[in-house]
1. How large a share of the accessible area of the chain, in percent, is made up of carbon and sulfur atoms when the probe is 1.4 Å and the other protein chains stay in place?
2. Give me the accessible area per residue for the chain, probe 1.4 Å, as a whole number in Å².
3. Rounded to the nearest 10 degrees, what's the angle between the helix 20-35 long axis and the longest principal axis of the chain, both from Cα atoms, 0 to 90?
4. Would you please give the residues with an amide H less than 5 Å from that of Arg9, counting only those at least 5 places away or on a separate chain, with H modeled from the backbone geometry?
5. So between Arg250 and Asp166, what do we pick up on full extension, going 0.36 nm a residue minus the alpha carbon distance?
6. State the cysteines of the chain left without a partner when partners are defined as other cysteines whose beta carbon lies under 4.7 Å away.
7. Taking 2.2 N^0.38 Å as the expected size of a compact globular protein, what ratio does the Cα radius of gyration of the stretch 92-226 give against it, to two decimals?
8. How far is it, in nm, from the label point at Arg228 to the one at Arg148 when both lie 7 Å from their Cα along the line to the Cβ?
Amino acid sequence: MNHANYRGRLAPSPTGYLHLGHARTFWVAQERARARGGTLILRNDDLDSTRYQMEFVGAMLEDLRWFGFAWSEGPDVGGRFAPYDQSERMDFYRAALETLRAGNFIYPCTCSRKDIQAATRAPHANDDDEPIYPGTCRQNRKSEIGNRKCSWRFRVPDGETVSFADANFGGERFLAGKDFGDFVVWRGDGVPAYQLACVVDDAAMQITEVVRGADLLVSTARQILLYRALGLAAPDFFHCELMRDDTGQRLAKRHDALSLRQLRAHGESPENLRRRWTRKD
Ligand code: GLU
Ligand code: ZN
């Protein structure tokens, strides 16, 4: 790959204040783009309307800038692939859903609301990755469902190993049907799931390398299947080790004391915070 063509992204969800764990992963993303003379994109993953709160979008941009992030395409600055707010990109997701339906890669599912609600969020470790779907609705046809509300699930190729070379961890392998099952690509209430929205946007925005937390490794396997089904080329992947608190728990948005907001309010400087990471690593 021509290095000047490197395109990386930061893709925060405005569901709470950003914390040091996000900042560290994003910092790796920014450094990798910088080292390659590439472009860094900011995408606002705001599809989760139930948890999404307007106030967090502004805070997110402000906290990122304070910490030292700079992007050349994004919701606030525009760019070739605008819009950069997922809530404004529904047409892209609908088109992808149509492609999946036409190719018979997905089926309508009328199972419990709980699994389906969870689908918009990326399955980070603390949320526990979704249980393997037993395949109850695999034989469903849209004609039988009629106008009943349904979500759409991707039928994974049971027994197939999905492998990829992670730029940080090396060879990764996941077994479809065992490490992950049929996953939701579209919710019954009309909201695209994280897996689909992420693939559609990373492809449309010509992202060449996705940098994100190691808790999304299994999701990468799911997404590789989606790229294939949609006839799209998958980017490269670099998964970062997760940041943990003193008790070994993964940092989450509920660790308020470690939110960038709080740290800033307590007079911490981004330089100092970054120095601390390098000391611990
Ligand atoms: N918005 C997603 C999240 O915050 C992005 C995950 C990813 O980088 O793919 O979890
Ligand atoms: Zn079902």
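The values are calculated or read from the model by the stated rules, or taken from the named source; none is laboratory data. Bear in mind that the values here come from a model prediction, so they are computed numbers and not experimental data. All Cβ positions, glycine included, derive from the backbone under ideal geometry; neighbour counts span all protein chains shown. Please note that ligands, DNA and RNA were not included when accessible areas were found on the heavy atoms of the full protein model with its side chains. Shrake-Rupley method; radii C 1.70, N 1.55, O 1.52, S 1.80 Å.
1. Ligands and nucleic acids excluded, carbon and sulfur reach 48 percent.
2. On the way: 13220 Å² over 281 residues.
Heavy-atom SASA per residue in the chain reads 47 Å².
3. 90
4. Answer set, sorted by chain and number: Ile41, Val211.
5. Details: separation 84, 0.36 × 84 = 30.24 nm, distance 2.10 nm.
Separation in residues times 0.36 nm, less the Cα-Cα distance, equals 28.1 nm.
6. Singleton cysteines: Cys111, Cys150, Cys198, Cys240.
7. Details: Rg = 14.6 Å, N = 135, 2.2 N^0.38 = 14.2 Å.
This ratio for the stretch 92-226 stands at 1.03.
8. For Arg228 paired with Arg148, the spin-label model returns 3.1 nm.
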